[in-house]
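Structure, as structure tokens:
The values are calculated or read from the model by the stated rules, or taken from the named source; none is laboratory data. Since we're looking at a predicted model, the values are computed, not measured. Because the Cβ atoms are built from the backbone with ideal geometry, glycine has one as well, and the counts that use them run over all protein chains shown.
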Amino acid sequence: MPSLGEARVGAPFTPPTSVLQQARDRERAGSLPEAIERYGAAIAAAEQYGDSAVLAEALRRLAVVRHHRGEADAARELCLRSYGVARQVHDDVRAAEALNTLGGMDLTTGSLEEARETFLHAVELGGASQALRARAEQNLGIVRVS
């Protein structure tokens, strides 16, 4: 595996974090096809250079975009992969982010019990992040009201 400092032949090296930022910028600008392409590039770069944090984040963010485009199966698969990557490297906060996203997907499909269980697991796993915990607890409140 090449190191992060090694240049690729024929193309300047762009760190995976920069490619992820490009994807987020494209998504915020409303250019979803470009965002999808950039998230894919961020995933490939993160895999190539062993950047698990960027990989987990790019997979989750791509899952959200795919979900919003009505690609539920692909979105769920990407999000589960994000969760798996985060768990492999013991990144509980990113794993909880993936669970919170999965719970949101369950919520939109009406799978309320699955959503509740997933949000509870996200709260438990992501307790180190006050912001994440607050989002997951807010989602739990939505499930309870539904």
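Tabulated data
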item	result
Residues that are in a helix (DSSP H, G or I) and of a type in the set (S, T, N, Q), drawn from segment 77-124	Ser82, Gln88, Asn100, Thr101, Thr108, Thr118
Residue match in segment 45-63 (condition: hydrophobic (A, V, I, L, M, F, W, C), touching a helix residue (DSSP H, G or I) at 6+ places or on another chain (Cβ under 8 Å), over 25 Å from Ala136 (Cα atoms) and buried (at least 22 other Cβ atoms within 10 Å of the Cβ))	yes
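The rows are residues; the columns are (1) in contact with a Lys or Arg (Cβ under 8 Å, 6 or more places away or on another chain); (2) modelled with pLDDT of 95 or more; (3) exposed (fewer than 15 other Cβ atoms within 10 Å of the Cβ); (4) among the β-branched types (Val, Ile, Thr).
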site: Asp73; (1), (2), (3), (4): no, yes, yes, no
site: Ala86; (1), (2), (3), (4): yes, yes, no, no
site: Ala95; (1), (2), (3), (4): yes, yes, no, no
site: Leu99; (1), (2), (3), (4): no, yes, no, no
site: Met105; (1), (2), (3), (4): yes, yes, no, no
site: Val123; (1), (2), (3), (4): yes, no, no, yes
site: Ala128; (1), (2), (3), (4): no, no, yes, no
